[in-house]
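What follows is a single structure, written as structure tokens, with notes after it.
The values are calculated or read from the model by the stated rules, or taken from the named source; none is laboratory data. None of these values were measured; they are calculated from a predicted model. FYI the Cβ positions are ideal-geometry reconstructions off the backbone, even for glycines, and counts take in every protein chain you see. Each accessible area value is taken on the protein alone, full model and side chains, heavy atoms only, with ligands, DNA and RNA left out. Shrake-Rupley method; radii C 1.70, N 1.55, O 1.52, S 1.80 Å.
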Amino acid sequence: MHYSGYDFIGDVHGCAKTLERLLLKLGYKNESGVFWHPKRQAIFVGDIVDRGPRIREALHIVKNMVEAGTGLCVMGNHEYNALGYITPKPETAEGGDIAYVREHNHHHNRLIAETLTQFASYPEEWRMFLDWFRELPIFLELEGCRVVHACWDAALIEEYRSRQMPAKLDTTFIQRSADKATFEGRFMDRLTRGTNLPLPQGYVIKSKDGYQRSLFRTKFWSHQPQTFEDVVFQPDPLPQEVASITLNDEHKASLIYYDETQPPVFVGHYWLQGKPKPMRHNVACLDYSAVKYGRLVAYRFDGESQLDEAKFVWVYVDSDVNEQ
């Protein structure tokens, strides 16, 4: 079926009832558990799992749409994390404790805990969704636009294509991606987690959800940045003395630049707040912290090269009525 437009939808993180309300607001109908629109296709930017109260339900909505052709979904870092969490490292000794690609430490256990709890009575379903995660594309180029969870890196995408990598992430690919020195590691880290810079020695950022970080997330569309403040892209602000630090050559070499002449690209991942708007005329982030009682956001794309603030659509997450 040919669709006249795309509806890009931000990070759901288990907010299934809010997703249903957004789809209905966008004009989708629910028939036998499948949401569909006569003229448009929904494109999810990933991160359907973790954190929220209805992860199973959200996954069923999205997977049903993908299988029916009424939706598409790229892999988010949380789907990728789930695959790493259940994939053994190749060097695990026979008869010894299993070591996993994504270490089962306190931080990682906490991130996936809600998902595992909600699937505790549905182990076959969880295995089915994990197998489906392997099939999710890491990026998509559609008519007049692009979508990736965190960062469009043209050089890595071109190398991925030239290597003719398997369409389905197999165990070997996931195991190799644990090492950031490999192509698989650089590719998955960059596209699902984006670019970042290290904080100066002695500094850490404690986020609102209690995590401490020694890195900060950065823009991939900042033209000729000069300071940390020019590139920071996350809800937690940098200390002023850090924000004013001048970028050195090493910092600049670790950043990339998505040129203003490129097609519009849609991402999630970055926990934005406030009223949705384009980051630039050809860059839109759709993650407005839905699972933290923000907004679940969509952008209605109709082929325009200049993104329009008026084409963002959203619903608020109401903790009393919708998701608790």
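General remarks:
- Of the trypsin sites (Lys or Arg not before Pro) found in segment 5-86, the ones in coil according to DSSP and having at most 15 other Cβ atoms within 10 Å of their Cβ are Lys39.
- Percent of C-alpha pairs per 5 Å bin in segment 125-209, short distances first: 3, 11, 18, 23, 17, 12, 9, 6, 2, 0.
- Cβ-defined net charge surrounding Thr227, 12 Å radius [Lys, Arg +1; Asp, Glu -1]: -2
- Segment 186-228 residues near the modelled Gln240 label - backbone nitrogen below 20 Å, point 7 Å along Cα→Cβ: 200, 203-206, 226-228
- Heavy-atom accessible surface of segment 268-315: percent carbon and sulfur, 1.4 Å: 48
- Value of [θ]222 nm, deg cm²/dmol, for the chain, DSSP H segments ≥ 4, -39500 (n - 2.57) each, nearest 500: -9000 deg cm²/dmol
- Extension gain for Asp308 to Met1 (0.36 nm times residue separation, less C-alpha to C-alpha distance): 107.9 nm.
- Long-range amide H partners of Gly46 with built H, under 5 Å: Val74
- For Thr195, nonlocal amide neighbours, meaning residues 5 or more places apart or on other chains whose placed amide H falls under 5 Å from its own, are Thr218.
- Antiparallel %, DSSP beta bridges [both residues in segment 265-324], to 5: 75
- Shape box of segment 178-221 [Cα atoms, principal axes, largest first, Å]: 30, 24, 21
- Per-residue ³J(HN,Hα) for segment 178-186, Karplus 6.51 cos²θ - 1.76 cosθ + 1.60, θ = phi - 60°, Hz, x for Gly and Pro: 5, 9, 5, 7, 8, 4, 4, x, 5
- Taking the inverse of the mean reciprocal distance over all distinct Cα pairs, the Kirkwood hydrodynamic radius of segment 203-324 comes to 16.1 Å.
- Ala167 sits among other residues whose Cβ lies under 11 Å from its own Cβ, and their net charge, with Lys and Arg +1 and Asp and Glu -1, is 0.
- HN-Hα J in Hz across segment 245-252 - Karplus 6.51, -1.76, 1.60, θ = phi - 60°, x for Gly and Pro: 5, 6, 5, 8, 4, 5, 4, 4
- Antiparallel %, DSSP beta bridges [both residues in segment 24-167], to 5: 75
- Rounded to 5, percent antiparallel among DSSP beta bridges of the chain: 70
- Trypsin sites (Lys or Arg not before Pro) lying in DSSP loop within segment 201-265, provided at most 10 other Cβ fall within 10 Å: Lys208
- Of the GluC sites (Glu not before Pro) in segment 86-174, the ones in a loop by DSSP (not H, G, I, E or B) with at most 16 other beta carbons within 10 Å are Glu91, Glu94, Glu103, Glu143.
- Convex hull volume per residue for segment 69-189, taking Cα atoms only, in Å³: 142
- Listed by chain and number, the aspartates and glutamates whose C-alpha is less than 13 Å from the C-alpha of Lys277, apart from same-chain residues fewer than 8 away, are Asp287, Asp308, Glu309.
- Kirkwood Rh in Å, taken over the chain so that all alpha-carbon pairs contribute: 20.4
- Measuring between their Cα centroids, segment 97-168 and segment 1-30 lie 21 Å from each other.
- The local environment of Gly144, defined by Cβ-Cβ distances under 15 Å, has a net charge of -2 under the rule Lys, Arg +1 and Asp, Glu -1.
- Note that segment 120-125 has calculated 3J(HN,Hα) couplings of 4, 8, 9, x, 5, 4 Hz, one per residue in order, obtained from phi through the Karplus relation 6.51 cos²θ - 1.76 cosθ + 1.60 (θ = phi - 60°); glycine and proline are x.
- Debye log10 I(q)/I(0) for segment 256-324, one point scatterer per Cα, at q = 0.11, 0.14, 0.21 Å⁻¹: -0.29, -0.45, -0.85
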